[in-house]
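Engineer: Structure incoming, see below.
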Amino acid sequence: MNTVVDIPTEEVSEGIPLSELGPASPRIVAAYGFWLFLLSDIIIFAALFAAYAVLSGATNGGPTGLELFDDKHVLEETACLLASSFTCGMMMLATERRQSGLTYFWSLVTALLGASFLALEFSEFADMVQRGDGPSRSAFLSSFFALVGTHGAHVTVGIAWLIVMMAQIGTLGFRPMVVRRLLCFSLFWHALDIVWIGVFTVVYLGAHS
Amino acid sequence: MNTPAPETGEADRAPGSHRSGRDRLRSYALGLVLAAVLTAASFAAASTNLVWGPSIPVLLAVLAIAQMGVHLVFFLHISTAPDSTNNVLSLAFGIFVVGLIIFGSMIIMANLNHAMMPMDQLLDLHRQH
C-alpha cells in the first residue's frame, strides 16, 4: 500500500519538456518568492557580520571574545538548532502525508528545541550584562550583541510563527494555502540554522585565533 | 493510487530532489549526520593543538562552507532540478552580494586603519592650532 502522498507538481513535471510546462504551481512560486526574502534577510546578516569582522578587535580595554565565550555552551546551542532543523524536516514530511498528529508532535519538538536554544542564549547574554560586559562596553561587544541578538530575534519570531501555523492547521486543516505557509516556515527555520553556522564559526570559534 | 511508475529511474533524478517519503527521510537523516560530523570537526579544530595554528581559520572556513552546502542540499533541497533553477540563480547572486559586503568592508576598513595617522601625532596636530 502506498501511503506516501507525493507533491503534485513533481508528478506533473515528470518527462515534459521545460518549455511546455506552463506556469509553475503556486507551491513553487511561493517558495521562490520566500527564497528571495530569505536571501535579502541573509544580506542583513552579512552587514552585521561585516560590522563584527571590522570591530572584533576594538575591545576598548574590555574583555576579548576568548575571555567571554564558553565553547561547551555554544556547542549545546548548536546542537539544539541542528536537531530542530531535523525535526522541522520531519514535520514537513508528516505534513506532506497529511498526518496531523505527527505534524503537531514534530512541531512541538521543533519549538521546544528552538526555545531551549533561546534560553541558553539568554542566559549567556544575562551573564555578560551582569558582569558589566553589555553592548555598551566596547565596539566589539556592540557588534557581538547586534549580530547574535538579531539571530536570536529571528528564532523568536520563528517560534511564534510555528505556533500560529499549528493554530491554522487546527482551525483550517491541511489546505494548500496553509501547507504553503508551513513550507515557507521550514525554509525560514533552515535558513536560520545556516546563519548560525556562520555565527558559531566566525564569532565563537573565530575568537580562538 | 494506481498511477504507473514513472519511466525515469532513480539515477536520472537530479540530486536533492527526492520523491518518496522514505527517500526524503533518508535525505534528512543523512544531512543531520553530515552536519553533526562537520560541526564536531569545527569545534575540535578550534580547540586542538594537532593542526598548525595559522591554518585553523582556513580550516574553520572550509568546514563552515561545507556545512552550509550540506544544509542547502539536504534540508533546503536546493538541487539542479528545473524547479529550482531560479532559486539557484538568485542564491548565486545572494552569495555575490554577501561576499561583496563582508570582504569589501573588511578590505576598506583595513586600508583606512593602515592609512590612519597614529593617535599621538594626531593630538600634536590639534595642539598646533
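Here, each number is a calculation from the coordinates, and none is a lab measurement. What you see is a predicted model, and the numbers here were worked out from it, not measured in a lab. Here the Cβ is made from the backbone with ideal geometry for all residues, glycine too, and neighbour counts use every protein chain on show.
Engineer: Please report Rg (one decimal) and Dmax (integer) in Å for the Cα set of the protein assembly as shown.
Structural biologist: Looking at the protein assembly as shown, its Cα Rg and Dmax stand at 22.9, 91 Å.
Engineer: Okay, moving on. Kindly provide the chymotrypsin sites (Phe, Trp or Tyr not before Pro) of the stretch B:41-129 that DSSP labels as loop, not H, G, I, E or B, and whose Cβ sees at most 11 other Cβ atoms within 10 Å.
Structural biologist: B:Trp52
Engineer: Suppose R0 equals 45 Å; then what is the FRET efficiency for B:Met119 and A:His73 from their Cβ-Cβ distance, rounded to the nearest 0.05?
Structural biologist: 0.80
Engineer: Here's something else I'd like to know. Determine the shape class of the stretch A:28-159: with a ≥ b ≥ c the square roots of the Cα gyration tensor eigenvalues, call it rounded for a/c under 1.5, and otherwise prolate if a/b is greater than b/c, oblate otherwise.
Structural biologist: Values: a/c = 3.33, a/b = 1.76, b/c = 1.89.
Oblate shape, in that a/c is at least 1.5 and b/c is the bigger or equal ratio.
Engineer: Give the value in nm², to one decimal: projected area of the alpha carbon convex hull of the stretch A:106-194, averaged over all directions.
Structural biologist: Convex hull of Cα atoms, orientation-averaged projection: 6.4 nm².
Engineer: Further question on the same structure: Can you tell me how much longer the chain between A:Met177 and A:Ala58 gets when fully stretched, taken as 0.36 nm per residue apart minus their C-alpha distance, in nm with one decimal?
Structural biologist: Gain on stretching A:Met177 to A:Ala58: 38.0 nm.
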